Amino acid sequence: MFGFKNKKTPKEVLIASPLIGKVLAIEEVDDDAFSSKALGEGIAIIPSEGKIMAPFDGTLAHIMEKSKHALLLEDESGIQILIHVGINTVSLKGNGFASHVASGEKVKKGQLLLEFDIEQIQKAGCSVITPIVIPNGQDSIKNVEILQNPGEDSRLERDLIRVLV
């Protein structure tokens, strides 16, 4: 009637930290795919405990079945995140990893998704640094904001990333 356009208000998706440890800038990860942000924007955590928890209510879209080192989660609005436990850990072929959910399962924030043996992974010569990335190619994403600073302690109850869609 007055010529006002109905502007859609951006939706905020908050992603809690999926594990406990020290926050590390994604640019500091010793893997160009992550540090160059070729896979997407994100942050990394040096874990102090070998547990990955669901950072929001959603679906486990995919887990690397044989190696169990990487999870792709999708929140209820369709935003996906990649949690990649360690660097070069695919070479371990699942040794030191125990998955508690399967691809396609619904998950609740705080639910245990994956356990991993930090000592076993390190003894195999792999890093346990865990990138958490908002993969590129998600057209609905308008902005990704990292909420925790490098060097801070990551806590499960604290939000790690804010995504505007």
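The values are calculated or read from the model by the stated rules, or taken from the named source; none is laboratory data. The structure displayed is predicted, hence computed values, not measured ones. Glycine gets a Cβ as well: all are built from the backbone with ideal geometry, and neighbour counts include every protein chain shown. For accessibility, only protein heavy atoms count, side chains too; no ligands or nucleic acids. Shrake-Rupley method; radii C 1.70, N 1.55, O 1.52, S 1.80 Å.
Things worth noting here:
- Being in contact with a Leu (Cβ under 6 Å, 6 or more places away or on another chain) and either of a type outside the set (Ser, Thr, Tyr) or surrounded by fewer than 20 Cβ atoms within 10 Å (Cβ to Cβ) (or both) is a property that residue 52 has.
Each row is one residue, and each column tells you yes or no for (1) hydrophobic (A, V, I, L, M, F, W, C); (2) modelled with pLDDT of 95 or more.
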{"site": "4", "(1), (2)": "yes, no"}
{"site": "10", "(1), (2)": "no, no"}
{"site": "19", "(1), (2)": "yes, yes"}
{"site": "25", "(1), (2)": "yes, yes"}
{"site": "37", "(1), (2)": "no, yes"}
{"site": "47", "(1), (2)": "no, yes"}
{"site": "53", "(1), (2)": "yes, yes"}
{"site": "59", "(1), (2)": "no, yes"}
{"site": "63", "(1), (2)": "yes, no"}
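- Candidates are the residues of the stretch 19-30 that are surrounded by fewer than 18 Cβ atoms within 10 Å (Cβ to Cβ) and in contact (Cβ under 8 Å) with a residue 60 or more places away in the chain; the one that is nearest to residue 135 (Cα to Cα) is 25.
- Under the condition of being assigned to a loop (DSSP other than H, G, I, E, B) and either surrounded by fewer than 18 Cβ atoms within 10 Å (Cβ to Cβ) or of a type in the set (Gly, Ala, Ser) (or both), the residues counted in the stretch 69-107 number 14.
- If the condition is being open to solvent by 40 Å² or more (accessible area, probe 1.4 Å) and within 23 Å of residue 63 (Cβ to Cβ), then the stretch 145-165 contributes only 156.
- Matching residues, the stretch 109-165, being among the hydroxyl-bearing types (Ser, Thr, Tyr) and farther than 12 Å from residue 47 by Cα: 140
- Any pair with Cβ under 6 angstrom, 6 or more apart, that starts in the stretch 106-130 at a residue that is of a type outside the set (A, V, I, L, M, F, W, C) and ends at one that is in a strand (DSSP E or B) and open to solvent by 60 Å² or more (accessible area, probe 1.4 Å): 115/51
- Among the residues of the stretch 33-64, the ones that are of a type in the set (Phe, Trp, Tyr) and touching a residue at least 60 places away in the same chain (Cβ under 8 Å) come to 1 in all.
- Residue check for residue 157: more than 29 Å from residue 92 (Cβ to Cβ), part of a loop (DSSP other than H, G, I, E, B) and charged (D, E, K, R): yes
- Total residues in the stretch 106-127 satisfying the condition of being in contact with a Gly (Cβ under 8 Å, 6 or more places away or on another chain) and more than 16 Å from residue 27 (Cα to Cα): the figure is 10.
- Note on the stretch 55-68: residues that are surrounded by fewer than 22 Cβ atoms within 10 Å (Cβ to Cβ) and within 21 Å of residue 149 (Cα to Cα) total 1.
- Members of the stretch 108-144 that are assigned to a strand (DSSP E or B) and within 14 Å of the chain's Cα centre (by Cα): 112, 113, 114, 130, 131, 132, 133, 134, 135, 144
- Of all residues in the stretch 26-55, exactly one satisfies the criterion of being at positive phi and not small (Gly, Ala, Ser), namely 37.
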